[in-house]
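**Student:** Before anything else, here's the structure in question.
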Amino acid sequence: MNRRDALQRVAILMGGAISAPTMIAVLEGCKSSTEAATETANFAFSPDYKSLVSEIAEIIIPKTTTPGAKDAGVGPFIEVMLKDCYKANQQEHFVKGLDAVEEEAKKVGGKKFLECSKEQQTAILTTFEQKAKAEAKANEATAAKKMVDAETGLTKEAKGKEEAPPTPFFSLMKELTLLGYFTSEAGAKNALAYVEVPGRYDGCVKMEPGQKVWAL
């Protein structure tokens with residue numbers, strides 16, 4: 001199975017939760033050494049932000065009877081993905097999102113996000129989820145306007161050279177959390193129905209009540 005097929009199947013597994021920018025970032029693969037050296041080689045989270053990203057991921061997929069995002073190493077996965085697969089503008093936008101989370105935490109609880117109560121943390125992330133939806137709509141509206149000629153009112157052809165606006169912070173945070181978790185060993189073996197050595201192909205398999213989605 002090639003990488004494109006694998007990612008498409010993961011997208012289906014996640015209910016289509018992977019956005020087009022993330023699909024493109026992963027399918028294009030890692031940057032060349034020249035690009036990395038000139039564009040994103042120095043990207044890395046600060047120690048505080050490493051902990052912050054891991055904690056947010058854990059809130060999205062908490063540990064229950066199955067491993068959580070921290071057990072699956074989602075935090076480090078997100079950092080590697082941003083460094084190797086995303087452009088500088090998306091990296092900067094994501095870090096600004098983390099800055100905004102800390103600013104909101106100070107407004108809500110007067111302290112850092114990691115020091116806030118679970119209820120406060122959930123409320124903060126709910127706010128950012130709403131902001132992400134609003135930002136996505138604004139990006140769509142802006143893109144639509146750019147596609148219409150102001151003089152004639154006719155739709156213009158996309159030049160393909162303009163850089164698309166970055167994916168909203170919390171949308172990307174959720175996407176990479178889900179992608180990292182469900183493609184990890186911990187996620188595949190515990191949250192999904194996992195077969196280490198698949199056998200013959202069965203075109204129709206009976207699903208039992210409470211049946212887990214099959215790992216890919």
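The values are calculated or read from the model by the stated rules, or taken from the named source; none is laboratory data. Since the model is a prediction, treat every value here as computed from it, not as a measurement. A quick note on method: Cβ atoms are made from the backbone with ideal geometry, for glycine too, and the neighbour counts reach across all protein chains shown.
**Student:** Give me the residue from the range 112-129 that is of a type in the set (A, V, I, L, M, F, W, C) and in contact (Cβ under 8 Å) with a residue 40 or more places away in the chain and, out of that set, farthest from Lys63 (Cα to Cα).
**Tutor:** Per the criteria, the residue is Phe128.
**Student:** Among the residues of the range 179-208, how many are loosely packed, with under 14 Cβ neighbours inside 10 Å and either farther than 30 Å from Glu58 by Cβ or modelled with pLDDT of 80 or more (or both)?
**Tutor:** Going through the range 179-208 one residue at a time, the tally reaches 11.
**Student:** Another one. Could you list, ordered by first residue, the pairs with Cβ atoms under 8 Å in which the first is in the range 63-77 and outside any loop (DSSP other than H, G, I, E, B) and the second is crowded, with 19+ Cβ neighbours inside 10 Å and aromatic (Phe, Trp, Tyr), at least 6 apart or interchain?
**Tutor:** That search, which allows pairs on different chains as well, returns Val74/Tyr181.
**Student:** Let me ask another. Identify, from the list Ala57, Ala72, the residue that is under 17 Å from Thr183 (Cβ atoms), surrounded by 21 or more Cβ atoms within 10 Å (Cβ to Cβ) and either at pLDDT 95 or above or touching a Pro at 6+ places or on another chain (Cβ under 9 Å) (or both). Write out each step before concluding.
**Tutor:** Numbers: Ala72 fails: either at pLDDT 95 or above or touching a Pro at 6+ places or on another chain (Cβ under 9 Å) (or both).
Answer to the check: Ala57.
**Student:** A further question follows. Quick check on the range 42-62: of everything there that is assigned to a loop (DSSP other than H, G, I, E, B) and out of contact with any Asp or Glu (no Cβ under 6 Å at 6 or more places or on another chain), which residue is nearest to Lys118 (Cα to Cα)?
**Tutor:** Pro62
**Student:** Moving on to the next point. Here's a check for you: in the range 87-109, which residue that is within 14 Å of Val53 (Cβ to Cβ) and among the charged types (D, E, K, R) is surrounded by the most Cβ atoms within 10 Å (Cβ to Cβ)?
**Tutor:** Once the filter is applied, the top-ranked residue is Glu102.
**Student:** A follow-up question, please. Restricting the search to the range 131-141, which residues are farther than 10 Å from Ser171 by Cα and not acidic (Asp, Glu)?
**Tutor:** Ala134, Lys137, Ala138, Asn139, Ala141
**Student:** Here's a follow-up. Quick one: is Asp84 more than 29 Å from Ala164 (Cα to Cα) and out of contact with any Pro (no Cβ under 6 Å at 6 or more places or on another chain)?
**Tutor:** Taking the combined requirement at face value, the residue does not satisfy it.
**Student:** Now, a different point. Given the criterion surrounded by 14 or more Cβ atoms within 10 Å (Cβ to Cβ) and either more than 19 Å from Tyr49 (Cβ to Cβ) or modelled with pLDDT under 70 (or both), identify the matching residue among Ala150, Ala134, Ala123, Ala158.
**Tutor:** Ala123
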